[in-house]
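Here is the structure we will look at.
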Amino acid sequence: MYNFNHHRPGSVDAAAAALSSADDGKILAGGMTLLPTLKQRLANPSDLVDLGGIADLKGIREDGGSLIVGAMTTHAAVADDATVKAKIPALAALAEGIGDAQVRNCGTIGGSVANNDPAADYPAALVGLDATVHTNKRQIAADDFFTGMFETALDEGEIITAVAFPIPEKAGYAKFANPASRYAIVGVMVAKGPAGTRVAVTGAGPSVFRLGDAESALSGGISADAVSGVSVAADGLNSDLHASSEYRANLVSVMLRRAAAAAAG
Amino acid sequence: MPDTGIGASVKRKEDFRFLTGQGRYTDDINRPGQLHAYFVRSPHAHATIKGVNKTAAEAAEGVVAVFTGADMAADNVGSLPCGWVVNDRHGDPHKAPPHFPLARDKARYVGDHVAVVIAKTYDAARNAGELVEVDYGELPAVAETGKAQDGSAQQLHDEAPNNLCYDWVLGDEAEADAAFAKAHHITKIDLINNRLIPNAMEPRAALGEYDGGTDSFTLYSTSQNPHLLKLILCAFVFGMNENKLRVIAPDVGGGFGSKIFCYAEETVCMWASKKVRAPVKWTADRSESFTSDAHGRDHVTHAELAMDENGKFLGMKVDTTANMGAYLSSFSTSVPTYLYATLLAGQYTTPVIFANVKAVFTNTAPVDAYRGAGRPEATYVVERLVEVAAREMGIDPAEIRRRNFIQPDQFPYQTPVALQYDIGDYEASMSKALEMIDYDGFAARRSASEAKGKLRGIGFSSYIEACGIAPSAVVGSLGAGVGLWESAQVRFNATGSVSVFTGSHSHGQGHETTFSQLVAETLGIPIENVEIVHGDTGSIPMGMGTYGSRSLAVGGSAISRACDKIIEKSRKIAAHLMEASVEDVEFDAGTFRVAGTDKEKSIAEIAFTAYVPHNYPEDVEPGLDETAFYDPLNFTYPAGLHICEVEIDPATGVTEIVDWVAVDDFGKVINPMVVEGQVHGGIAQGVGQALLENCVYDKDSGQLLTGSYMDYCMPRADDLPSFRVGLTETACTHNPLGVKGCGEAGAIAAPAATINAITNALGILSMDMPASPEKVWRLANEPKMAAE
Amino acid sequence: MPTVSMTVNGRAVTGDVEGRTLLVQFLREQLALTGTHIGCDTSQCGACVVHVDGQSVKSCTLLALQADGSEVTTIEGLAASNGDLHPMQEAFREHHGLQCGFCTPGMVMSAVDLLNKNPNPDEGEIREWLEGNICRCTGYHNIVKAIQSAAENMRG
């Protein structure tokens, strides 16, 4: 690693100030992606602003029909939280499937969402559940947040503070993990919420996307059978050592059926 | 049976330190004034090195020195040698292009060592490494085994035209042709034995230290064979006296073959420690392990099996191209020849076998021995051929094997591929394994799987291996540059405890326990009183190290012989003390007795007398400290049958191993718990090869595409089932312990069993490893795709 | 140079570190606690697992400064002060859950965290939990057995 200055502010405002005064500052959330990147010397920030000391950013609460998950809440905390398990079990299950136990003990929802790795699980949760990203400056709908591979609507220096998930009537997530990295080769979230039925796919494309055909097919009721005829074209899907675009297209169909079955309960 | 003796599952003596964080691995060792090395490696698979500008790096903070191949050349540092000469089909030795620790004219694979920075901290060395300016002239690269010789490929070495290292044959081609001419049916297969990266969990490390006062070196290294490393470095690389180098291989975190070899990094650390007059340490990060540890396997093979109308094997022909990588690693040439083609008879009476092996250079990391080394490749060829033959002939796969097994009354059995098997009972392993897996119930289990929408398959692998490596005269006649005996020194301390110095090296095998059991039982002393010392050339007689499942069969036999010498000397002392003739003194369970009397002396009393010889026989030297060297008379031949049962989800192509039965004949077993652990680990590596692991280089650029655990798929706990392990026993006939060796069996047996099971489930004849979900999904859905 | 303070295996420690110093480096290089190992650079192998405030984490992917003020337990701190092995260590020994010993410290620390969260895991849950710990020697068979046995003993 190249060296950097480490800051551990106690408030979001202090963090924003530290970021703005740094030459090339970066936010350190759980560090599960950033630290390996730094170890490989693929980045050379002057300053890391560590959000781990900001108590306000941790925790989960229910508020007006939504679950508000603090940006620095770990995957393990989401997976184990009684309220999440009761209100959005699909979200708990998704968090339970991220990385491995130790990654889940450190990795945070804010960090994952801000990074927008095309193979991350959380983007499917946010888009599928029609979540809203809260930052220190504004609120951004999930549909508008994920703008491309490793790209988001966040401005320079903008800090995610929480993610608000409207509690759905039904939701289910199914993931096909990369056998080596355990990231999602394909992950599909199916949910019926206040805003209707939504289907979000991660892993398959450059960034999370909604599957309109599946949403229509499920509008009359959520079941695996309802989407048995839904398929996606391989064109434009990711292709790598582990899965060709054709295979990914198949996995989208299979995971869609499994997610629908899980959502149907 | 005493609970610590031979045959007891004694809990391991080494575990306490490992479980409490007190193991001492190479990277745990630090020396005063120590500096750190960082290697500048080639980012190109093939490039001339037109120049290296060190100026900026040398001026960087914390940097002590920057060295290149030119600096080593100026010191007359030699090439890293290949220790086994393979003569080609014309009798000419293999092509042996030089392999300099730091490249001189060309870089030949991604990760090849071009320069080294020595600095006060690792970060400083690495920072400066980025400032070393290397002027590369990029050349076209060839990374694919099958393409190295196709004429268009760029040649790597001037010494090796058309990238050919050797074209080698074993067996009589005309006889094989004649056998094939009489065949009722010929089964033909094309196979790729996928390239693997060993991935011992402890990355390689080295710490070189020069002592100016005595003009001598100490090298701490993650080595499976410190003596061999010392020999190679002194005799071949540096041309220095062996008494001036001490190699210490402390606790080593797994090897699997990859830590046998003499590597560039340890060579450079040792050499540089004299240049900079300070200890120089290097520890690989995992990325470096991926690019620069010697890889394994990487064969492309066409094989044919001729049979009569009853499925009796008449002859076999095998044509293999083996990838050596960019340079010849220490024992690379022997792996696809004498450790491979000699095993092609398997457990069968195939009367004629002809093998042709071409070894080629490519722009990839060197390839050498990896758990099993040649024998997994041979078993994969034989057991895939037999399986496909069974399917083509409509014969049950167990039955076709039975019809061709070498029978117990045929031993010793001379195969047509040079080896003479001393003993075995293949039917015994088969019948036990079939019972354990409930072979008769498979049809019902398959129906149950089908009812769930899953495909179920069963696969066999009747493997054999030649281990207990190896009779020195035999390997010498085949080109080995060393003898493959082993040494042991058994030293009674004056107060009755015993220190055993063994040339074998334990890096997970549990020698401290197994060897202690052997010594405790042989000498009749408590196991707590035995200490096993290994891994330090400064304190141990010259030894050959651990690989090829040789430690117990060869190293253990040496210990047994040394114990015998101890007993014989002690008998003389006991006879003197008890005023009896030597012939009348009996030894049992640690006590010498005069036959027919109640006179007795414990061996501890004898040891004390030997060191305090106040009342002592005139013709006996004081002390009780005996050394033995054991050179095996033959290889040992562990064999057995592994059966794999899989269930496949056709929607995703995911294969789940739902059952695994292994029945192995390792001869006598000292510690069943340790043996079973070795089998488990071997199976996991074999299943890893069959389902998950695959080293991939970009075929055009030669870049390593699977250079981390993000892409190279290591077997995890949730990829594997629990295994069911059984043993049969035919004692090895030619070593004093009757033991055969168990370390490689699982890795040898497992790939064929797994692929045979998957192809059985899919109703196809063949597929290449690894059976990744996508590959299996395509094969499971091919008929449907074709129909659409 | 920033200063970091934490409690390691019950002992208060303080040291000067760089921003980039990883917890595993602090433990190995400054505290000479070399039982915690480094086996990869992509946070996957788990040889470096320690507990920070009771949770298992990969100490190769945590800055020492992130652990400032924390309670850290390493493999060296697991056994009782009288030298008696922790039931998990004892179970690994009893069931031959280790061979070369390199992954073992991380494996044991991870397994202890599992039983803290789930005192009665079945084989599938154990295998899933160990996703973040790679062992090349044992094929995991005996590790799974050891954890099952430790669970039984710890439940009493």
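Figures for the structure shown
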| quantity | calculated |
| --- | --- |
| Among (1) buried (at least 24 other Cβ atoms within 10 Å of the Cβ); (2) within 12 Å of the chain's Cα centre (by Cα); (3) within 12 Å of chain B (Cβ to nearest Cβ) - the single one C:Thr73 does not satisfy | (1) |
| Output for the stretch A:215-253, where each listed residue is farther than 23 Å from B:Cys713 by Cα and in a helix (DSSP H, G or I) | A:Glu215, A:Ser216, A:Ala217, A:Leu218, A:Asp225, A:Ala226, A:Val227, A:Ser253 |
| Elements of type strands (runs of 3 or more DSSP E) contained in the stretch A:1-119, each with 1 or more residues being under 21 Å from C:Leu65 (Cα atoms) and within 13 Å of chain C (Cβ to nearest Cβ) | A:5-7, A:25-28, A:47-50 |
| Residue within the stretch A:123-140 that is touching a residue at least 60 places away in the same chain (Cβ under 8 Å), part of a loop (DSSP other than H, G, I, E, B) and not charged (D, E, K, R) present | yes |
| All positions within the stretch C:101-130 that are within 11 Å of chain B (Cβ to nearest Cβ), of a type outside the set (Ser, Thr, Tyr) and either over 28 Å from B:Ser506 (Cα atoms) or in contact with a strand residue (DSSP E or B) (Cβ under 8 Å, 6 or more places away or on another chain) (or both) | C:Gly101, C:Phe102, C:Pro105, C:Gly106, C:Met107, C:Met109, C:Glu123, C:Gly124, C:Glu125, C:Ile126, C:Glu128, C:Trp129 |
| Selection from the stretch A:60-94 of residues that are free of Cβ contacts under 8 Å to residues at least 24 places away in the same chain and under 15 Å from the mean Cα position of the chain (by Cα) | A:Ala77, A:Ala92 |
| Filter result for B:Ala70 (aliphatic (A, V, I, L, M), at pLDDT 95 or above, surrounded by fewer than 19 Cβ atoms within 10 Å (Cβ to Cβ) and not in a strand (DSSP E or B)) | yes |
| Some residue of the stretch B:619-627 being closer than 30 Å to B:Val675 by Cα and either of a type in the set (S, T, N, Q) or loosely packed, with under 15 Cβ neighbours inside 10 Å (or both) | yes |
| Residues being more than 29 Å from B:Phe635 (Cα to Cα) and basic (Lys, Arg) - total across the stretch B:410-445 | 1 |
| Which listed residue is part of a loop (DSSP other than H, G, I, E, B), modelled with pLDDT of 95 or more, in contact with a His (Cβ under 9 Å, 6 or more places away or on another chain) and surrounded by fewer than 24 Cβ atoms within 10 Å (Cβ to Cβ), from C:Arg20, C:Arg28 | C:Arg20 |
| Subset tally (residues that are surrounded by fewer than 21 Cβ atoms within 10 Å (Cβ to Cβ) and farther than 18 Å from B:Phe629 by Cβ) for the stretch B:513-535 | 6 |
| Single condition B:Tyr712 does not satisfy, out of (1) more than 28 Å from A:Val254 (Cβ to Cβ); (2) within 8 Å of another protein chain (Cβ to nearest Cβ); (3) not small (Gly, Ala, Ser) | (1) |
| The stretch C:55-80: number of residues that are within 14 Å of C:Gly10 (Cβ to Cβ), outside any helix (DSSP H, G or I) and touching a Ser or Thr at 6+ places or on another chain (Cβ under 8 Å) | 6 |
| Selection from the stretch B:680-727 of residues that are modelled with pLDDT of 95 or more, touching an Asp or Glu at 6+ places or on another chain (Cβ under 6 Å) and of a type in the set (Lys, Arg) | B:Arg716 |
| Residues located in the stretch B:129-149, provided they are assigned to a loop (DSSP other than H, G, I, E, B) and within 21 Å of B:Arg297 (Cβ to Cβ) | B:Ala141, B:Val142, B:Ala143, B:Glu144, B:Ala148, B:Gln149 |
| Counted residues, the stretch B:10-51 - those being closer than 27 Å to C:Ile75 by Cβ, surrounded by 19 or more Cβ atoms within 10 Å (Cβ to Cβ) and more than 8 Å from chain C (Cβ to nearest Cβ) | 4 |
| Residues of the stretch B:166-205 classified as within 14 Å of chain C (Cβ to nearest Cβ) and part of a strand (DSSP E or B), total | 2 |
| Answer residue from the stretch C:31-54, given it is away from chain B (no Cβ under 12 Å) and part of a loop (DSSP other than H, G, I, E, B) and is surrounded by the most Cβ atoms within 10 Å (Cβ to Cβ) among those | C:Asp53 |
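The values are calculated or read from the model by the stated rules, or taken from the named source; none is laboratory data. All values derive from a computational prediction rather than experimental measurement. Heads up, the Cβs are rebuilt from the backbone with ideal geometry, glycines too, and the neighbour counts pull from every protein chain shown.
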